[in-house]
Amino acid sequence: MAQANWLDLGPLEEFQKTEITEAAIGRTKIAISWRSGTFGVVSGTCNHAGGPLGKGRLDGDYVVCPWHNWKFHRCTGAGEPGFEDDRVPAYELRVEKGRLLVRTDNPTARHKKPHPPHPLARRIERRPGVTRVAGISTTNMDEANPRYSTSDFLLGVALDHAREALGCETKLIRLSALKFRNCEGYYSKSANACTWPCSITQMDAADELTEVYEALVHWADVVLVSTPIRWGVASALYFKMAERLNCIQNQITIRDNVLIRRKVAAFLITGGQDNVQGVAGEMLCFFSELGFHFPQFPYIAHSRGWSAEDMERNVEHVMNSGELREGARQLAARAVELSKNLLATAPMVEHTPRGGRKAFRLEIERE
Ligand code: FES
């Protein structure tokens, strides 16, 4: 019979200062817990996406992963009730002469309960057919009592033109009609904690940003984004969406996994006052990092200037401006034309070495 191998982890007091301590057996991380006078030792690596269980917290007798809150029993390694089959290795322990010893040769087996992949995680394949144009309106709106929105209006003109004159399929997504959560900064826990599909999307079936992810990643060839200017920047809803799109950009950073290929983005920006160029610059920068291409002259915009406070006249101006309507139509036409060219001539590549703004080898790749 094989000899038991015991490793001296250190004096007991070291592991009684906090409820959970991270330690290692060689290169294998373990999570040591202390509660109600007993120790427990399980693997320090979560079954979900490798989160550090030894940096988590205790909920009763369960270790809660600090990344996305999966739970494992601190002594047996079993998943929480209902997920018992999802287990991480558990280790035998012994207390001897004031020291904590762990047996290293017979941890229980890790078992990952198969979880069906989120539908968004499916392979990205362009369905054959006419050019598909998604319009994303980011203006805030009381859906029950809608007001006239200049950016919405011009987006509608562009989509109508794409559908009626250019023969495209179109889809309008109004962020104000979707219930979706703020990004909760998984990236700031670890780049690997920010997942595709988005961690929130995977955990919260009621979160409706799925519609935007579906459109951007799987459905659309062209994305037209409209925003008002609020205090010199795009709308709050635009930023709420952009933060949640970090998971698309993060795939490029950590996996060289470019989800957006051969797709085109263009923008419609309106505001009563100024900073059109600042807003356009921010949007161009962000969408370029997602992997989008831009047509020549990738945005149209209108503002009445710094001193303008007569917003009702701004609305009137946009409503009656044939030039702005024509500008919206031509923006759609340029974007659709570029999309057709890209789909016809640009080869579909699987990898973009060192794509994204971090065009250098990252520490995280060496971990
Ligand atoms: S819950 Fe542990 S890595 Fe996601």
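No lab work stands behind these numbers, since they all come straight from the coordinates. Keep in mind that what you see is a predicted model, and the values were worked out from it rather than measured. Here Cβ is always computed from backbone atoms with ideal geometry, including for glycine, and neighbour counts include all displayed protein chains.
Near D207, once Lys and Arg are set to +1 and Asp and Glu to -1 for all other residues with Cβ below 15 Å from its Cβ, the sum equals -2. Here each label is just a point 7 Å from Cα along the line to Cβ, and for M319 and V233 those points are 3.1 nm apart. At full extension, K113 and S307 could sit 63.7 nm farther apart than now, given 0.36 nm per residue minus the alpha carbon distance. For the range 119-347, the convex hull spanned by the alpha carbon atoms encloses 125 Å³ per residue.
Of the residues I300, A78, C65, the one whose Cα sits farthest toward the positive end of the charge dipole of the chain, with +1 on the Cβ of Lys and Arg and -1 on the Cβ of Asp and Glu, is A78. Three principal axis extents describe the C-alpha atoms of the range 116-255; from largest down they are 43, 41, 26 Å. With springs only between Cα atoms under 10 Å apart, run a GNM on the chain and tell me which of L175, L324, L101 wobbles the most. With Cα springs under 10 Å in the chain, the top fluctuation among L175, L324, L101 is at L101.
When DSSP beta bridges are restricted to pairs lying wholly in the chain, around 55% turn out antiparallel.
Annotation: amide H-H contacts under 5 Å for D86 (H modelled 1.01 Å from N, sequence separation of 5 or more, or interchain): G79, K113.
Assuming charge only on the beta carbon of Lys and Arg (+1) and of Asp and Glu (-1), the dipole of the chain about its Cα centre is about 1000 debye to the nearest 20. Extents of the range 1-104, taken as max minus min of Cα coordinates on every principal axis and listed largest first, are 37, 35, 23 Å. What the phi angles of the range 166-176 give under the Karplus curve with 6.51, -1.76 and 1.60, with θ = phi - 60°, is a coupling list of 9, x, 8, 7, 10, 8, 10, 10, 9, 4, 5 Hz, glycine and proline written as x. Close amide H pairs (under 5 Å, H built 1.01 Å from N) link K263 with H293, residues at least 5 positions away or on another chain. Amide H contacts of L9: L100, L101, V102, each under 5 Å away and 5 or more positions distant or on a separate chain (H built 1.01 Å from N in the peptide plane; Pro and chain starts excluded). Applied to the range 9-17, the Karplus parametrisation 6.51 cos²θ - 1.76 cosθ + 1.60 on θ = phi - 60° returns per-residue 3J(HN,Hα) values of 8, x, x, 3, 4, 4, 9, 10, 6 Hz, with x for Gly and Pro.
For the residues I124, I269, what sequence is obtained by ranking on other C-beta atoms within 10 Å, fewest first? Could the numbers behind the result be given before it?
On the way: I124 13, I269 25.
Listed from fewest to most nearby Cβ atoms, that is I124, I269.
3J(HN,Hα) along the range 208-213, derived from phi through the Karplus expression 6.51 cos²θ - 1.76 cosθ + 1.60 where θ = phi - 60°, amounts to 9, 5, 3, 4, 6, 4 Hz, with x in place of Gly and Pro.
Span-like helix criteria (full DSSP H runs; alpha carbon extent of at least 20 Å along the helix axis; mean Kyte-Doolittle hydropathy of at least 0.0) are satisfied in the chain by 150-164, 276-290.
Among S235, S307, S199, which one shows the biggest mean-square fluctuation in a GNM of the chain, springs joining Cα atoms closer than 10 Å? Of the options given, S307 has the highest mean-square fluctuation.
Coordinate range of the alpha-carbon atoms in the range 188-283 per principal axis, descending: 40, 30, 27 Å. Here the relative contact order of the chain, from alpha carbon pairs under 8 Å that lie six or more residues apart, stands at 13 percent.
For the range 195-250 versus the range 8-68, the inter-centroid distance based on Cα atoms is 35 Å. For the chain, modelled as a GNM whose springs connect Cα atoms under 10 angstrom apart, the maximal fluctuation among F180, F287, F39 occurs at F39. Using the rule -39500 (n - 2.57) for each DSSP H run of four or more residues, divided by the residues of the chain, the 222 nm mean residue ellipticity is -8000 deg cm²/dmol. When cysteine pairs in the chain are screened for C-beta atoms closer than 4.7 angstrom, the residues that find no partner are C75, C168, C183, C194, C285.
Once the chain from E337 to E164 is taken as fully extended at 0.36 nm per residue, the excess over their C-alpha distance is 60.8 nm.
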